[in-house]
């Protein structure tokens, strides 16, 4: 399987020089249903059991992130919450109601990342 890409001209913000860069052509999104079907084919679990587990996992990840914890899924990676606030003149001004959850971060497991070296690419002509 290969990842398809096209080239796109972009202006470099540092020296205003235009160059061509690779841009991935989006593939289809894989649904929970499709994941459950494929996992069921590889295991003794039913699709319903797998879907219920994935939904439960999603809910647990959300709960742990809300508790300020990071979630490590072996061979997949770590999910964590990033926070932000405006800058203030003193620490006392940075009160809890001024802090916001910014995004959910994902850091891939080293083995998963290492396997990226095996990815193949195909350029799509215009």
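Here are a few things to note about the model shown:
- Residue check for residue 77: without any contact (Cβ under 8 Å) to a residue 40 or more places away in the chain, more than 30 Å from residue 114 (Cβ to Cβ) and in the same structural domain as residue 109 (by TED's automatic domain parsing): no
- Residue 70 fulfils the conditions (1) at pLDDT below 95; (2) surrounded by 11 or more Cβ atoms within 10 Å (Cβ to Cβ); (3) over 23 Å from residue 39 (Cβ atoms) except for a single criterion, (1).
- Filtering 51, 4 for residues that are within 24 Å of the chain's Cα centre (by Cα), surrounded by 11 or more Cβ atoms within 10 Å (Cβ to Cβ), under 23 Å from residue 122 (Cα atoms) and touching a residue at least 12 places away in the same chain (Cβ under 8 Å) leaves a single hit, 4.
- In the stretch 7-33, the residues that are in a loop (DSSP other than H, G, I, E, B) and more than 22 Å from the chain's Cα centre (by Cα): 12, 13, 14, 15, 16, 17
- Checked against the criteria, residue 114 does not count as closer than 25 Å to residue 5 by Cα and touching a strand residue (DSSP E or B) at 6+ places or on another chain (Cβ under 7 Å).
The values are calculated or read from the model by the stated rules, or taken from the named source; none is laboratory data. Treat the numbers as computed from the prediction; the structure is a model and nothing was measured. Quick reminder, even Gly has a Cβ in these numbers, built from the backbone with ideal geometry, and neighbours come from all protein chains shown.
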